[in-house]
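These notes concern the structure reproduced below.
The values are calculated or read from the model by the stated rules, or taken from the named source; none is laboratory data. Quick caveat: nothing in here was measured; it's all calculated off a predicted structure. Because the Cβ atoms are built from the backbone with ideal geometry, glycine has one as well, and the counts that use them run over all protein chains shown.
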Amino acid sequence: MEPNDPPPTASAPQITTCSGPDGFSPGIGRYFAQLTEIRDGLLAQVADLTPEQLAWHPNPDTESVETQLLHVAAVEWSWIFQDILGRPDEDYLGWEEAFPIRVGAPPVSGQPLPYYTDRLARVRAAVRAVLRGMTDDDLSRLVGNAPPEPGEEGASRLYAIDWILFHLVHHEAHHAGQVELLTRLMPDAADLVGITTPAVMPEARR
């Protein structure tokens, strides 16, 4: 509902469904609708955070909100553009920011919120274009074109596109929950000015 809309009534109810937006096949669209609803909630949670709050975390074993946001974007790109489309690691400029401890890099810190939300938006726009080009017949298709794990052959792990889209919904919801908890625990913005807290928790891709 928009702020000035009248409240719903029995004769004019507000209707909520999982139907996808126009231009998607029904099954693909349901997944995209779920991804969109989770993303809207995630963005609402971080809308008013300062750079200091984005960088804050309660202990050395917990990652900051900013790392969570970059991680969500990178993982979404990886599943769609690597596992499904077979693009190489070099096509994504942001692995270190999404997995700073795994690659031995310092986390991004001190950037304003648009640095993170723009990354999320760019990846989602590209994913939207890919999914609009699919049909429900693609859901059962097996893919596994990402770079293999060390010691494994390529295409040793195959995933149905149906499962990949389910996993992306589950993955973002998981991290949205972590972000919500962090926002409840973090101090007020004024109490964090000038304070830095290094994130040191490794994050798994899958």
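Taking the listed residues Ala125, Ala121, the one that is under 24 Å from Phe166 (Cβ atoms), within 15 Å of the chain's Cα centre (by Cα) and surrounded by fewer than 13 Cβ atoms within 10 Å (Cβ to Cβ) is Ala125, with no other qualifying. Count of the stretch 156-177 residues, restricted to those that are farther than 15 Å from Ser78 by Cα and at pLDDT below 95, is 1. Is it true that Arg39 is under 21 Å from Asp118 (Cβ atoms), basic (Lys, Arg) and surrounded by fewer than 21 Cβ atoms within 10 Å (Cβ to Cβ)? So Arg39 fits the description; yes. Can you tell me which residue in the stretch 87-113 is surrounded by the fewest Cβ atoms within 10 Å (Cβ to Cβ), limited to those that are without any contact (Cβ under 8 Å) to a residue 24 or more places away in the chain and of a type in the set (A, V, I, L, M)? Among them, the one singled out is Leu93. In the stretch 149-166, the residue that is nearest to Arg87 (Cα to Cα) out of those that are in contact with a helix residue (DSSP H, G or I) (Cβ under 8 Å, 6 or more places away or on another chain) and surrounded by fewer than 16 Cβ atoms within 10 Å (Cβ to Cβ) is Ala160. Would you say Asp118 is among the charged types (D, E, K, R) and modelled with pLDDT of 90 or more? Taking the combined requirement at face value, the residue satisfies it.
In the list Ile84, Ile80, Ile101, which residue meets the criterion of being modelled with pLDDT under 95 and among the hydrophobic types (A, V, I, L, M, F, W, C)? Step through it out loud before you land on a result.
Details: Ile84 fails: modelled with pLDDT under 95; Ile80 fails: modelled with pLDDT under 95.
Only one candidate passes the filter, namely Ile101.
Condition first: over 27 Å from Phe32 (Cβ atoms) and out of contact with any Leu (no Cβ under 8 Å at 6 or more places or on another chain). Can you find one or more residues in the stretch 114-135 that meet it? Among the residues of the stretch 114-135, not one is over 27 Å from Phe32 (Cβ atoms) and out of contact with any Leu (no Cβ under 8 Å at 6 or more places or on another chain), which makes the answer no.
Checked against (1) surrounded by 11 or more Cβ atoms within 10 Å (Cβ to Cβ); (2) of a type outside the set (S, T, N, Q); (3) within 20 Å of Gln82 (Cα to Cα), Tyr116 passes all but condition (3). I'd like to check something: does the stretch 152-172 contain any residue that is among the basic types (Lys, Arg) and either assigned to a helix (DSSP H, G or I) or in contact with a Leu (Cβ under 6 Å, 6 or more places away or on another chain) (or both)? Within the stretch 152-172 (the criterion being among the basic types (Lys, Arg) and either assigned to a helix (DSSP H, G or I) or in contact with a Leu (Cβ under 6 Å, 6 or more places away or on another chain) (or both)), the answer is no, since none of the residues qualifies.
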